[in-house]
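Have a look at the structure below, then the notes.
The values are calculated or read from the model by the stated rules, or taken from the named source; none is laboratory data. Source: prediction; values computed, not measured. In this analysis, Cβ positions are derived from the backbone assuming ideal geometry, glycine residues included, and neighbour counts consider all displayed protein chains. The accessibility values were calculated without ligands, DNA or RNA, using every heavy atom of the protein model including side chains. Shrake-Rupley method; radii C 1.70, N 1.55, O 1.52, S 1.80 Å.
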Amino acid sequence: MTAPYERDPRGHAYIEEIPTWQQNVCRRVRDLVHAADPDVRETVKRRVQPYFVLDGNICALLAAKDHVNVFLYDGAIVPDPEGIITGGHDNQTARTVAVHDGEPLNEAALRRMFEQIIANNRAGGWRRLKREA
């Protein structure tokens with residue numbers, strides 16, 4: 001069970017306005033990222049898009065017509081041994097996990113990725129880690 005956390009009312013409004021199945025995905029992702037670290041904060045960027053931050057961006061949510069994109073701001077350096085990344089493989093800033101209606105969310109793998117992104121952010125961020133590698 002995830003401990004209570006503060007929700008950004010703008011992000012909450014965004015989630016409440018999308019179809020029910022997408023709300024469920026977004027709520028679960030929200031719970032997972034907050035469970036990864038209790039210091040995670042919510043905000044809204046790009047006018048409406050919910051972002052989760054801690055010493056840098058962790059992830060963002062975007063409801064598309066037939067799926068939900070979870071943007072992982074990992075600089076393409078966080079391992080994906082379970083293959084949950086569905087897009088942005090060549091992107092140097094963020095990759096995506098697309099979740100379609102009825103598809104299971106690999107919660108354990110996604111939480112591990114959130115935890116690694118947070119650890120990288122606390123170590124100076126993926127840009128710094130790439131420079132020092």
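Descriptive notes on the structure:
- In the condition set (1) basic (Lys, Arg); (2) more than 15 Å from the chain's Cα centre (by Cα); (3) surrounded by 14 or more Cβ atoms within 10 Å (Cβ to Cβ), residue 111 is compliant with all but (2).
- Flag for residue 96 being polar (S, T, N, Q), open to solvent by 50 Å² or more (accessible area, probe 1.4 Å) and at pLDDT 95 or above: no
- Strands (runs of 3 or more DSSP E) fully within the range 22-133 that include at least 2 residues being small (Gly, Ala, Ser): 57-63.
- A count restricted to the range 13-33 and to residues that are in contact with a strand residue (DSSP E or B) (Cβ under 8 Å, 6 or more places away or on another chain) and surrounded by 14 or more Cβ atoms within 10 Å (Cβ to Cβ) stands at 9.
- Residue 77 being more than 11 Å from the chain's Cα centre (by Cα) and over 25 Å from residue 13 (Cα atoms): yes
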